[in-house]
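Notes to accompany the following structure.
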Amino acid sequence: MLLKNKKILISGLANKYSIAAGIAAAMHREGAELAFTYQNERLLKNLIPIAEELGSKILIECDVSSDDSIKASFKDLNKSWDKFDGFVHSIGFAPADQLEGNFVDVTTREGFKIAHDISSYSFTAMAKEAKPMLNESSALLTLTYLGSVQTVPNYNVMGLAKASLEANTRFLAASLGKDNIRVNAISAGPIKTLAASGVKNFRKMLSEHSKVAPLGRTVTTEEVGNVASFLCSDYASGITGEITYVDAGFNIAAMPLIGYEE
Ligand code: 0WD
């Protein structure tokens with residue numbers, strides 16, 4: 001069991017399709033004790049049965065758009081856990097009007113601000129509050145997407161926010177390394193979740209992905225969860241500041257092989 005005796009906080013579990021749900025299930029299987037944050041009452045309803053199944057009773061409200069909410073949530077967590085071993089940041093958001101249409105035409109100052117605030121700054125903000133409670137050999141993990149380094153239709157300002165999140169991962173890794181806290185990101189291939197359905201023509205992207213990816217398919221939240229468990233375990237003690245692709249190899253392929261065999 002990779003995560004025996006580890007206490008890990010999971011954020012961004014909106015429903016059973018969330019990447020965070022796959023990560024939580026894998027981490028539970030690997031022996032971790034889990035706590036969860038949820039954005040608001042509406043999402044708590046979905047979280048309760050999932051957390052129960054994974055043996056967790058620690059459910060804490062945390063809206064990462066508010067510093068007060070983040071502070072209060074770690075104070076709340078402290079009532080159950082004196083110290084813990086890391087958290088998973090599985091949160092991203094941009095207003096819907098930013099995620100369809102021609103980038104230069106649809107991107108606004110407000111949309112840019114919100115995307116970067118919720119999708120990138122919140123990782124730093126959570127790390128700041130978690131730091132005094134983190135054990136030696138803790139690990140932080142976030143979720144990013146290829147749109148940070150290559151253009152993807154309709155992903156628009158989220159691509160910029162993910163580029164910021166990846167830089168954030170490196171700067172946090174440099175900043176927390178002396179405390180032996182590791183910080184990593186998983187760049188996941190497209191998966192049909194609530195957040196993904198906000199990107200226009202997402203279904204089409206899924207089928208394009210399967211054509212180009214060397215493994216000829218998309219990935220599951222369980223596959224992301226398996227890598228997340230490894231990265232948060234002591235087996236990954238030499239890895240920090242790294243972006244690990246869990247995307248069936250899509251990012252290394254410039255074109256599909258199909259049709260070029262002869
Ligand atoms: O294809 C995909 N699904 C990929 C997702 C590919 C690569 C990366 N990702 C990333 C996302 O960008 C995000 O960072 O993975 C992370 C998790 O996303 P998900 O699992 O795809 O989506 P979802 O199940 O919707 O969870 C994201 C959740 C929110 O759900 P909704 O859809 O209701 O916005 O992020 C949370 C919320 O629960 N969230 C917040 N949590 C606290 N405070 C906030 C907030 N202000 N805003 C969003």
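The values are calculated or read from the model by the stated rules, or taken from the named source; none is laboratory data. Everything quoted here is computed from the prediction, not taken from an experiment. Quick reminder, even Gly has a Cβ in these numbers, built from the backbone with ideal geometry, and neighbours come from all protein chains shown. In case anyone asks, the SASA skips ligands and DNA or RNA and just uses the protein heavy atoms, side chains included. Shrake-Rupley method; radii C 1.70, N 1.55, O 1.52, S 1.80 Å.
One line per residue, one yes/no per condition, for (1) among the polar types (S, T, N, Q); (2) more than 20 Å from residue 96 (Cβ to Cβ); (3) in contact with an Asp or Glu (Cβ under 9 Å, 6 or more places away or on another chain):
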| residue | (1), (2), (3) |
| --- | --- |
| 180 | yes, yes, yes |
| 190 | no, no, yes |
| 193 | yes, no, no |
| 208 | no, yes, no |
| 218 | yes, yes, yes |
| 221 | yes, yes, no |
*Examine region 240-261 for a residue that is away from the ligand (no atom under 13 Å from the Cβ), within 25 Å of residue 10 (Cβ to Cβ), touching a helix residue (DSSP H, G or I) at 6+ places or on another chain (Cβ under 7 Å) and open to solvent by 10 Å² or more (accessible area, probe 1.4 Å), and state whether such a residue exists.*
yes
_With away from the ligand (no atom under 16 Å from the Cβ), in a helix (DSSP H, G or I) and either at pLDDT below 95 or not hydrophobic (A, V, I, L, M, F, W, C) (or both) as the only criterion, which of 45, 75, 4 stands out?_
75
*Of the residues 66, 90, which single one is among the hydroxyl-bearing types (Ser, Thr, Tyr) and touching a strand residue (DSSP E or B) at 6+ places or on another chain (Cβ under 6 Å)?*
90
*asked:* With within 13 Å of the ligand (Cβ to nearest atom), touching a residue at least 40 places away in the same chain (Cβ under 8 Å), open to solvent by 30 Å² or more (accessible area, probe 1.4 Å) and farther than 14 Å from residue 122 by Cβ as the only criterion, which of 192, 200 stands out?
replied: 192
_Test of understanding: among 82, 76, which residue is touching an Asp or Glu at 6+ places or on another chain (Cβ under 9 Å) and open to solvent by 50 Å² or more (accessible area, probe 1.4 Å)?_
76
*If you scan region 116-125, which residues turn out to be hydrophobic (A, V, I, L, M, F, W, C) and either at positive phi or more than 10 Å from the ligand (Cβ to nearest atom) (or both)?*
125
